[in-house]
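Shown next, in structure tokens, is the structure this report addresses.
The values are calculated or read from the model by the stated rules, or taken from the named source; none is laboratory data. None of these values were measured; they are calculated from a predicted model. Neighbour counts run over all protein chains shown; Cβ positions are idealised from the backbone, glycine included.
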Amino acid sequence: MAALDQRLRLLACAYAVSSYGNYLNLIALSLFSYEITGTALGVGLLMALRLCAGFAAGLAAGALTARIGRRTTMIGADLTQATAMAALALGGEATPLALVACAVVVLGAGNTCFNVALRSAVPVMVGQEARGRVNGLLVTARSLATVLGFASAAAVIGWGGYPLAFALNAASFAVSAVALLLLRPRTDLPPGTEEPGKPAGRAPRAGRFRALAGLPALLLGLVLLRGLDALASSSHNVALPVVANAEHAAAPAVFMTQFWAAWAVGTVLAHLVLRRRAGEGAWSTRAFTLGTCAMSVAFVTAFLGLPAVGLVLAAACAGFADGWTEIVYTSRLQAVPDRERSRLFGLSATAEQSGFALGTVAAAGALEVWPAVTVVGLFHGAAFCGALALLLVATRRRASAPPEPATARA
């Protein structure tokens, strides 16, 4: 177990490094895209292209991992993205727009395939009982990398320009690929076997499945709510820099750093709390829907013009709820049988990409008409209502149906 824990920590560190590169790239590539295209529309089109590539990859990721294996999928995604970013780094300021567009497609598809493979592989690596702890570790690693990536972007670009930022991103993907090659984590099961620590019970019969994607109704509801949550999250991601520049013009970067640092602390606290919870009840529909409600309230509160202390507390609460919902949601989807898990996470990635893409466009347009707090309130209000509706359905179904095995319970 000690050796397994050490390997998991190394994998989590490699994942944090690649996530840092991703969030550094998110700033650098956006600014570089504006420099190349010269218009905000050009930046938006490239972002839409990236999201469309992620959408398409989500539909294909389940079949891809089943054919070539999850570990191979992750290594291939890392190496492909590293190659794309290295090409941008070498091209520098003279990089043609067509190459930037190709790199954007590779990044969108590669990131989606990597995440689908990683999330669906966790129960195989550690067993069902330990999946929540590992999910929390990965969420914590990514949260810290988010803050570091955003905070260091200006310094990296200012010192070495866009080529340095792209080179660091390429190196981060290479680190992740090398870690997967050397550590060789077990990510796939031999045919006819189940994960270690799989809770007793049987998979639901085909007759219980709904026609859409072959999913039980409540599990499909979780995926749809996750997509609605992504739509809501796009609103505060778009509104935050607007508020920073409008209300904190003297130091917008400080405002952004305070917000995301407090958010990251909240996600770490969520991991520390959830790792002490045991049993499948920790990953229930109720836990996810209530967390979504809390997250929506916290994000709206953060845009009420609070003083610095209030902003930090609201952002920390939002981060706690954000981390809570992601860990609970991921752990719940991982409870399905291995043969269905990659397809389910691919569908989830498609829902999230669609929600975020639609929300980004809609929120940007809404911010031209309404203040930030109104836009964030409307978008997160939709997620809040969706969570309450799913909670009501789940409560009624539980009251009217006999108990089901843990693996089939939503």
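A single member of Glu326, Glu340 is among the acidic types (Asp, Glu) and either free of Cβ contacts under 8 Å to residues at least 60 places away in the same chain or over 30 Å from Asn245 (Cα atoms) (or both), and it is Glu340. I'm told Ala154 meets every condition in (1) surrounded by fewer than 19 Cβ atoms within 10 Å (Cβ to Cβ); (2) farther than 20 Å from Ala28 by Cβ except one. Can you identify the failing condition by its number? All conditions pass for Ala154, except number (2).
Within region 25-81, take every residue that is hydrophobic (A, V, I, L, M, F, W, C) and in contact with a Leu (Cβ under 7 Å, 6 or more places away or on another chain) and give me the one that is farthest from Glu352 (Cα to Cα). Looking at residues that are hydrophobic (A, V, I, L, M, F, W, C) and in contact with a Leu (Cβ under 7 Å, 6 or more places away or on another chain), I get Ile36.
Look at Ala153 and say whether it is in a helix (DSSP H, G or I), closer than 30 Å to Trp324 by Cβ and of a type outside the set (Val, Ile, Thr). Against the criterion (in a helix (DSSP H, G or I), closer than 30 Å to Trp324 by Cβ and of a type outside the set (Val, Ile, Thr)), Ala153 qualifies. Ser284 meets the stated requirement of being polar (S, T, N, Q) and surrounded by fewer than 23 Cβ atoms within 10 Å (Cβ to Cβ). Annotation note: of Ala63, Ala56, Ala87, the sole residue that is of a type outside the set (D, E, K, R) and either under 21 Å from Ala174 (Cα atoms) or outside the structural domain of Ala154 (by TED's automatic domain parsing) (or both) is Ala87. Please go through region 168-214 and give me each residue that is at pLDDT 90 or above, touching a Gly at 6+ places or on another chain (Cβ under 8 Å) and surrounded by 19 or more Cβ atoms within 10 Å (Cβ to Cβ), ordered by number. Within region 168-214, Leu168, Asn169, Ala170, Ser172, Phe173 meet the criteria.
Might you check whether a residue that is surrounded by 17 or more Cβ atoms within 10 Å (Cβ to Cβ), free of Cβ contacts under 8 Å to residues at least 40 places away in the same chain and in a helix (DSSP H, G or I) occurs anywhere in region 259-272? Scanning region 259-272, I find no residue that is surrounded by 17 or more Cβ atoms within 10 Å (Cβ to Cβ), free of Cβ contacts under 8 Å to residues at least 40 places away in the same chain and in a helix (DSSP H, G or I), so the answer is no. Within region 373-380, the presence of a residue that is touching a residue at least 60 places away in the same chain (Cβ under 8 Å), among the small types (Gly, Ala, Ser) and crowded, with 23+ Cβ neighbours inside 10 Å is excluded.
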